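Asker: I have a structure I would like to understand better, so I am pasting it below and will then ask my questions one at a time.
The values are calculated or read from the model by the stated rules, or taken from the named source; none is laboratory data. Because the structure is predicted, anything quoted here is derived from the model rather than measured. With ideal geometry, Cβ positions are generated from the backbone for all residues, glycine too; neighbour counts draw on all protein chains shown. Remember, those area values only see protein heavy atoms, side chains included, never the ligands or the DNA or RNA. Shrake-Rupley method; radii C 1.70, N 1.55, O 1.52, S 1.80 Å.
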Amino acid sequence: MPSPSRPPHVTLALIALATGGFGIGTTEFVTMGLLPDIADGIGESIPTTGHIITAYALGVVVGAPVIVSLAARLPRRALAIGLVLALGVGNAITASAHGYWPVMAARFVAGLPHGAYFGVASLIAASLVPVQYRGRAVSSVMLGLSVATVAGVPASTWLGQNLGWRTAYWAVLGVTVLTALLILAFVPSTPGDRTATLRGELAALKKPQVLFAAASGMVGFGGVFAMYSYVAPVVTDVTGLSRSTIPGFLLAFGLGSVVGTWVAGRLADWNVNRSVVAAFLASIVTLVLFYLLSPYAVPTVVLVFLVGVLGSVLAINLQLRLMHAAGDAQMLGAALNHSALNTANGLGAWLGAVVISGGYGYRAPSLLGAGLAAAGLVVFGIGMLVERRRVAAVLGREELTAAAAQRAEAVPAYSSASRS
């Protein structure tokens, strides 16, 4: 039942927007589950085929700021529909492509609308509810991404393994068409910002708080991916379990993401900055514990679940922080978060590979991840300190101006009284 603060049409609108997130989450992560099948299909090795994951992430990084900046003046509902259909086209091209380079290019194209969709969807969601519930509204959109890790990815992976890897991407096309219809039916038409300009949107990139928040996500969120990218070999080589147990650990991460998304909305409505700091601190502790306790099955699965929770809390609160810091360019701020997180994805996985190749074992990436989370916390803390000093300086100038005005008003009054 919808809450009193969320009328039925708002709930349906949020479900429609979250369905797009479900499609995006499915296409982003199903490639990892189908990598051996895709490698066989295009005649390449698994490591070489893995570059198509990087191609998708690069598409997200490039597409988010470019598309949002160019399309800020467009009606938001129409923009959301166009972006989710573009995602469908990218998946259709992937399903139709033959050979390494065509599939690589198709994944890049599929990644382009990813961040921009979440940017406009988050802005639409926030506009549908009172200010005090905006954190929950944005987290509702992101919930689709989390649910994809629990349901969409396993289902599409099974589909791809049994009916051919291309069917998984055709299935995502179906989800995008459904999303477009749901948005058209339930999301109210909202105008774009007619005053927006390309220069004005990109000006947000010059704001220190935007840069600090994005940088903290690029570095700090890499801690999650440094650990999660190598969870499978940790389960088999460190914990000593069979390959058949790996899906259970991936499910634990997905369930943690869902729970974290729910928690993140409520924490955001409490205090965004404190939520980010708390999530970074908890991530550091959790990743260190994962390094220490990964030889033991029960602590390992619990810690994987907690990493999923904390990853969602960080992602959503950093997105809200960027939306606030971007000022009038909120859609760009929300989109930039996904560019930052996909950069973190690549950074964490790459650095994890470096320490494993250095002979430190499969546990080492989690310890590296703790270091990345600590670095992200430092960057975020510096940003908060800079902001406080700026606010204090502004207040100081205002106090000086007010005091000067009071003195200016007092002088003529005193002179007049003296003459009388």
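Asker: Multiply the residue separation of T48 and V62 by 0.36 nm, subtract the distance between their alpha-carbon atoms, and state the gained length in nm to one decimal.
Answerer: Value of the extension gain: 2.8 nm.
Asker: For the chain, set up a Gaussian network in which alpha carbons nearer than 10 Å are linked by springs, and say which option among W262, W165, W270 fluctuates the most.
Answerer: W270
Asker: Of all accessible surface on the chain at a 1.4 Å probe, what whole percent is carbon and sulfur?
Answerer: 69
Asker: When the helix-only estimate is applied to the chain (DSSP H runs of n ≥ 4, each -39,500 (n - 2.57), divided by the residue count), what is the mean residue ellipticity at 222 nm, nearest 500 deg cm²/dmol?
Answerer: -27500 deg cm²/dmol
Asker: Counting only other residues whose beta carbon sits under 14 Å from that of W270, what net charge do I get with K and R as +1, D and E as -1?
Answerer: +4
Asker: Shape verdict for the chain, please, from the Cα gyration tensor: rounded (a/c under 1.5), prolate (a/b greater than b/c) or oblate.
Answerer: prolate
Asker: Here's something else I'd like to know. By how many nm would the segment from Q132 to L70 lengthen if fully extended, with 0.36 nm per residue of separation less the alpha-carbon distance?
Answerer: 19.3 nm
Asker: Go ahead and run the numbers for FRET between L181 and S96, Cβ-Cβ distance against an R0 of 25 Å, rounding to 0.05.
Answerer: Plugging the Cβ-Cβ distance into 1/(1 + (r/R0)^6) gives 0.65.
Asker: Same structure again: For the modelled label position 7 Å from the Cα of D237 along Cα-to-Cβ, which residues of segment 42-74 have backbone nitrogen atoms closer than 16 Å?
Answerer: Only 47 fall inside the zone, counting backbone N under 16 Å.
Asker: At 1.4 Å probe radius, can you tell me the per residue accessible area of segment 127-275 in Å²?
Answerer: 46
Asker: Using a simple charge model, +1 on the beta-carbon of Lys and Arg, -1 on the beta-carbon of Asp and Glu, nothing else, what dipole does the chain show about its Cα centre, in debye to the nearest 20?
Answerer: Charge dipole of the chain: 1020 debye, to the nearest 20.
Asker: Could you tally the net charge around D237, taking each other residue with its Cβ under 13 Å from the Cβ of D237, Lys/Arg +1 and Asp/Glu -1?
Answerer: Result for the neighbourhood of D237: +2.
Asker: Specify which residue in the list L289, G381, G222 is farthest towards the positive end of the charge dipole of the chain, using unit charges on the beta carbon of Lys, Arg (+1) and Asp, Glu (-1), about the Cα centre.
Answerer: Value: G381.
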